[in-house]
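The values are calculated or read from the model by the stated rules, or taken from the named source; none is laboratory data. None of these values were measured; they are calculated from a predicted model. When we count neighbours, we look across all protein chains shown, and the Cβ atoms used for this are built from the backbone with ideal geometry, even at glycine.
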Amino acid sequence: MNLDEIQVQLAAMANAGDPTFSKFANDINQIVEQAKAGQLSKEDLAEIMRDAQSQLIILEDMSQLRFKETLNTCINGLITIAVWA
């Protein structure tokens, strides 16, 4: 998954109608935009995404498991891009 694909997934989730996951996806996308603008180092991006992943684990609404899995995939992709780019 590349950065463009991740941002497409985040945008789709932000518009999916679940307020909790919409905010989470918007927040992550804003962080990605900051990183793209050079306002965050790759290391900072990876650390922020690891923190986001920890927060995602706390969300226990199993009825939204699909959203949780998609966000986790996006976060993992961003960590990989930050670490290996």
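Checking LEU78 against (1) within 13 Å of ALA25 (Cα to Cα); (2) modelled with pLDDT under 85: exactly one of these is not met. Which one?
The one condition LEU78 does not meet is (2).
Could you look through the stretch 34-82, keep only residues that are more than 13 Å from PHE21 (Cα to Cα) and small (Gly, Ala, Ser), and pick out the one that is nearest to the chain's Cα centre (by Cα)?
GLY77
So which residues in the stretch 32-54 are closer than 20 Å to VAL8 by Cβ and surrounded by fewer than 19 Cβ atoms within 10 Å (Cβ to Cβ)?
Answer for the stretch 32-54, where residues must be closer than 20 Å to VAL8 by Cβ and surrounded by fewer than 19 Cβ atoms within 10 Å (Cβ to Cβ): GLU33, GLN34, LYS36, ALA37, GLN53.
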